[in-house]
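The values are calculated or read from the model by the stated rules, or taken from the named source; none is laboratory data. All of these numbers come straight from a predicted model, not from anything done at the bench. Heads up, the Cβs are rebuilt from the backbone with ideal geometry, glycines too, and the neighbour counts pull from every protein chain shown. Accessible surface is based on the protein model in full, side chains and every heavy atom, while ligands, DNA and RNA are left aside. Shrake-Rupley method; radii C 1.70, N 1.55, O 1.52, S 1.80 Å.
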Amino acid sequence: MKLVFAGTPEVAVPALDALIASDRHEVVAVVTRPDAPAGRGRRLVASPVAQRAEEAGIEVLKPAKPRDEDFLARLREIGPDCCPVVAYGALLPRVALDVPVHGWVNLHFSLLPAWRGAAPVQHAVMAGDEMTGAATFQIEEGLDSGPVYGVITERVRPTDTSGDLLTRLAFAGSGLLAATMDGIEDGSLKPVPQPTEGVSLAPKITVEDARVEWTAPALRVDRVVRACTPAPGAWTVFRGERLKLVQLGLLPGRTDLAPGELAVGKNNVYAGTGSHDVELLWVQPQGKKPMRAADWARGVRIAPGERLGAADVR
């Protein structure tokens, strides 16, 4: 088939690579979000998908909105058989959905109908799911509600961050998307409507969602930290400034501290929660790089009884 691939972030690149490598299909163009400011200089940088497509000599389309007439005219001119999608980042209007013969097929990182929305992996980790996966489905105008072509499953490991899990799903899902294109092309795959039960939503995780509540049980605190790593980054407040929490350790046998209260050992830093204590392993003070919590604690000289989250951020 003649394919136009739509995607934007690094997580979409493995799927693009898999389709480029396919001997059954041709990626004739890529649709991605416009260049965005990045780095300290805030200069405009092309998306990871755009950079990969340019390396491969593939035409890159960067519409401000996918309903732009110039973009739609070029899409009709190309006349794709199918448009595979991975984390494109914009809603596709009906006028665009109708262009390819076999529609637009999305690789979504959950077992639909669970976790429909922008942040399925973060929500799976935050909810404590033991199993997740990826699904390919036909895009329609509803939110991730179209019929499903295929799924793969992936176990959520106890120490997984969202970044860890998303990386594994991106590579495993790339094979699923390529196989889905093969099945559509030879007619062996037909999409199956999603169940009406078991629907859950996964909206984008906000910075406020990533704020740790120390009165919550330790398991919940750990899940929030892992779900929000690497982005947007779990955080708390210490002496009026934000402190990012990069990695924790669970300490089921220790319950000495009040919620948020800090205790410093020779090479360890502990914090109380609503249940048992946790160990702070890696933190990131405001304006600095991530560091071991023990090094941070030595630098700030924590006083007895000091707490995390005890004051509003400046």
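Filtering Gly89, Gly175, Gly117 for residues that are at pLDDT 95 or above, out of contact with any strand residue (DSSP E or B) (no Cβ under 7 Å at 6 or more places or on another chain) and not aliphatic (A, V, I, L, M) leaves a single hit, Gly175. The number of residues in region 145-179 that are touching a Pro at 6+ places or on another chain (Cβ under 8 Å) and not aromatic (Phe, Trp, Tyr) comes to 11. Which pairs turn up if I take residues in region 82-109 that are among the hydroxyl-bearing types (Ser, Thr, Tyr) and look for partners that are open to solvent by 10 Å² or more (accessible area, probe 1.4 Å) with beta carbon separation below 7 Å, at least 6 apart in sequence or on another chain? Final answer for the pair search is Tyr88/Thr8. Looking across Val207, Val151, one residue alone is over 21 Å from Pro9 (Cα atoms) and either open to solvent by 10 Å² or more (accessible area, probe 1.4 Å) or part of a strand (DSSP E or B) (or both). It is Val151.
Here's the yes/no breakdown for (1) assigned to a loop (DSSP other than H, G, I, E, B); (2) out of contact with any strand residue (DSSP E or B) (no Cβ under 8 Å at 6 or more places or on another chain); (3) not aromatic (Phe, Trp, Tyr):
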site: His102; (1), (2), (3): yes, no, yes
site: Thr159; (1), (2), (3): yes, yes, yes
site: Gly163; (1), (2), (3): no, yes, yes
site: Ala179; (1), (2), (3): no, no, yes
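Between Thr215, Thr255, Thr273, the distinction of being surrounded by fewer than 17 Cβ atoms within 10 Å (Cβ to Cβ), touching a Ser or Thr at 6+ places or on another chain (Cβ under 8 Å) and modelled with pLDDT of 95 or more belongs to Thr215 only.
The number of residues in region 14-59 being in contact with a helix residue (DSSP H, G or I) (Cβ under 8 Å, 6 or more places away or on another chain), surrounded by fewer than 21 Cβ atoms within 10 Å (Cβ to Cβ) and within 30 Å of Gly287 (Cα to Cα) comes to 3. What do you reckon, is Leu308 under 25 Å from Ser162 (Cβ atoms), within 25 Å of the chain's Cα centre (by Cα) and not charged (D, E, K, R)? When the stated conditions are applied, Leu308 does not pass them. What about Lys244, is it under 30 Å from the mean Cα position of the chain (by Cα) and among the basic types (Lys, Arg)? So Lys244 fits the description; yes. Within region 154-199, the set of residues being open to solvent by less than 30 Å² (accessible area, probe 1.4 Å) and among the hydroxyl-bearing types (Ser, Thr, Tyr) comprises Thr161, Ser162, Ser174, Thr180. Contact map, region 245-267: first residue over 24 Å from Asp209 (Cβ atoms) and of a type in the set (Ser, Thr, Tyr), second residue open to solvent by less than 50 Å² (accessible area, probe 1.4 Å) and in a strand (DSSP E or B), Cβ cut-off under 9 Å, separation 6 or more or different chains; pairs are Thr255/Gly272.
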